[in-house]
1. With the structure loaded, tell me whether residue 212 is in contact with a strand residue (DSSP E or B) (Cβ under 6 Å, 6 or more places away or on another chain) and either surrounded by 13 or more Cβ atoms within 10 Å (Cβ to Cβ) or over 30 Å from residue 62 (Cβ atoms) (or both) or whether it fails that test.
2. Working only within the range 1-52, note down all residues that are free of Cβ contacts under 8 Å to residues at least 40 places away in the same chain, under 24 Å from residue 78 (Cβ atoms) and in contact with a strand residue (DSSP E or B) (Cβ under 7 Å, 6 or more places away or on another chain).
3. From the list 255, 269, which one is loosely packed, with under 13 Cβ neighbours inside 10 Å, outside any loop (DSSP other than H, G, I, E, B) and out of contact with any helix residue (DSSP H, G or I) (no Cβ under 6 Å at 6 or more places or on another chain)?
4. What residue, among those in the range 201-246 that are assigned to a loop (DSSP other than H, G, I, E, B) and free of Cβ contacts under 8 Å to residues at least 40 places away in the same chain, is nearest to residue 286 (Cα to Cα)?
5. Is it fair to say residue 54 is under 25 Å from residue 279 (Cβ atoms), touching a helix residue (DSSP H, G or I) at 6+ places or on another chain (Cβ under 7 Å) and surrounded by fewer than 22 Cβ atoms within 10 Å (Cβ to Cβ)?
């Protein structure tokens, strides 16, 4: 029996950075994300002989998980097997249709896909009743916090132990500017720990919650300029935590800064442009209104992009 599952990545506009419980991936503040349906992870499960093991999934760009990365993935698999009392051993294969470990939230999509795959296995073995997406998001969160948001589309709100579908109904297009496909030197998991000693960390949760309230209202009111300003200040706030931690670290490169300056100039010259945000990486995410697509192609000309227009 072969089980297959897939899940999308997501990009948070109000960020999850800092944990109230590292062991359980509990966030210090709520986060709001947009689901990236065109950036996906894929997982298959097949019976193995003597132990659970991970292997790359053929047919997609090969990913290379470190020993610690494999252990984290298989630990979540073991947790879910215990949850549903699943017997036997399995080979867990995974891959993405986008680069991993570079700030595109491959952890979110891969752990969400793994959770869905194991749930499907448990259902086929009649070991679990039907579960809702909120219940599954709570289980997925234990493997990777941000993965709980990947179970909802197009917008997800994560507060406390699980995510839920946000009532925001605005459909947007997405592009990511690939500044660097290199593996991050500081993982997101490490960043969550290290930012806690930044002098800017005090008050971070309150700032994020205030922006969440403002951004939710701005999105519902279709106030595009206000959405841009809030998203810009939020990702800059997060990256300032990295740069003021002790020891300091960072993800932005000189090319990141050049592209950000280009995007800000578009707004200054036209009073319009994309929403801009960054995850814990050098790459830059854009959200674009569908009617902006023609202009967006001009804005992004010459830049290395992965994009999905309506």
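1. Yes: the conditions hold for residue 212.
2. 50, 51
3. Exactly one residue qualifies, and that residue is 269.
4. Taking the candidates together, the pick is 223.
5. Judged against the criteria, residue 54 is a match.
This table checks each residue for (1) more than 30 Å from residue 126 (Cα to Cα); (2) surrounded by fewer than 19 Cβ atoms within 10 Å (Cβ to Cβ); (3) not assigned by TED's automatic domain parsing to the domain that holds residue 251.
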position: 8; (1), (2), (3): no, no, yes
position: 43; (1), (2), (3): no, no, yes
position: 47; (1), (2), (3): no, yes, yes
position: 64; (1), (2), (3): yes, yes, yes
position: 78; (1), (2), (3): no, yes, yes
position: 90; (1), (2), (3): no, no, yes
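The values are calculated or read from the model by the stated rules, or taken from the named source; none is laboratory data. Note that this is a predicted model, so its numbers are computed, not measured. All Cβ positions, glycine included, derive from the backbone under ideal geometry; neighbour counts span all protein chains shown.
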